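Notes follow once the structure below has been shown.
The values are calculated or read from the model by the stated rules, or taken from the named source; none is laboratory data. Everything numeric here is computed off the predicted structure, so don't read it as measured data. Glycine gets a Cβ as well: all are built from the backbone with ideal geometry, and neighbour counts include every protein chain shown.
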Amino acid sequence: MDIKTVGIVGAGQMGNGIAHVMSLAGYDVLLNDVSGDALDAAVATIDRNLERQVSRDKISADEKAAAMARIKTTPTLTDLGRTDLIIEAATERETVKQAIFEDLLPHLQPHTILTSNTSSISITRLASRTDRPEKFMGFHFMNPVPVMQLVELIRGIATDAETFDACRAVVDKLGKTAATAEDFPAFIVNRILMPMINEAVYTLYEGVGSVQSIDSSMKLGANHPMGPLELADFIGLDTCLAIMNVLHDGLADTKYRPCPLLTKYVEAGWLGRKSERGFYDYRGDVPVPTR
């Protein structure tokens, strides 16, 4: 199947990043969000990030202009039904994702492929609530999308070969690398990454080290580009907690129990960079540890 048009649900950090790379690769993009302000902010972010690529000689000014011209926005979800490939990049809550797909179903073309950018939720279960489980896949980009080279492709139990091959071809056209993951909780990257972040929170919770010492230890001792608590703030503590709950519930193993301190931060609304407070306070000129 030759995919030419891509519909993206959600104009947040992941959605605008996906729109950026898709338009730059030559796809016509229709970006949807319930918030008009979010759509405006997404387009401004894409423009700014493309301009940064121009300034670094990664792309030309003409390539930027062509990419921006390929992006259209709509507050109406059902408008996405006319696209060849839909990538859902809404909040990491299964009920929200199910409602989105149910609303889309009556408006889809027969050949439209449905995918989810979920970082942890069962693809098979999401697909089973649609009329096309054979044309449903997990299409998991890493954050920030324009920078990160990996895309996890996750087949549900019913996903057919044609759908997988079509999505694999999109990843190739983006110039990224595909990793095929089986449909188990959190797939590959987050199955490994999130327990590490959760253990870092336990290390803080139990007083083994401070925020600064934990992050410095992993950056300087394990050569990680970001410390695990800094990374958790970047991802969003609510997302980290949601993925840990999926792992804990789905695998029924106590080693995936979310740290109570992570839960407390989320309950406080301290979600990381997006709320200006998490394991660091971002309200000043320099991030300051909150513990």
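For segment 1-26: of the residues being within 15 Å of Ile113 (Cα to Cα) and surrounded by fewer than 23 Cβ atoms within 10 Å (Cβ to Cβ), which is modelled with the lowest pLDDT?
Among those residues, the one meeting the criterion is Met1.
Have a look at Val151, Val145, Val211 and point out the one that is of a type outside the set (S, T, N, Q) and outside the structural domain of Met22 (by TED's automatic domain parsing).
Of Val151, Val145, Val211, the one residue that is of a type outside the set (S, T, N, Q) and outside the structural domain of Met22 (by TED's automatic domain parsing) is Val211.
Are any of the residues in segment 137-158 among the charged types (D, E, K, R) and closer than 21 Å to Gly272 by Cα?
no
Please go through segment 203-225 and pick out each residue that is over 18 Å from Cys259 (Cα atoms), among the polar types (S, T, N, Q) and assigned to a helix (DSSP H, G or I).
If the condition is that a residue be over 18 Å from Cys259 (Cα atoms), among the polar types (S, T, N, Q) and assigned to a helix (DSSP H, G or I), then Gln212, Ser213, Ser216, Ser217 are the ones that fit.
Considering only segment 173-191, I want to know if a residue exists there that is among the aromatic types (Phe, Trp, Tyr) and crowded, with 17+ Cβ neighbours inside 10 Å.
Among the residues of segment 173-191, at least one is among the aromatic types (Phe, Trp, Tyr) and crowded, with 17+ Cβ neighbours inside 10 Å, which makes the answer yes.
What residue, among those in segment 125-150 that are small (Gly, Ala, Ser) and surrounded by 24 or more Cβ atoms within 10 Å (Cβ to Cβ), is nearest to Lys64 (Cα to Cα)?
The qualifying residue nearest to Lys64 (Cα to Cα) is Gly138.
Looking only at segment 229-282, count every residue that is surrounded by fewer than 22 Cβ atoms within 10 Å (Cβ to Cβ), in a helix (DSSP H, G or I) and over 16 Å from the mean Cα position of the chain (by Cα) and tell me the total.
15
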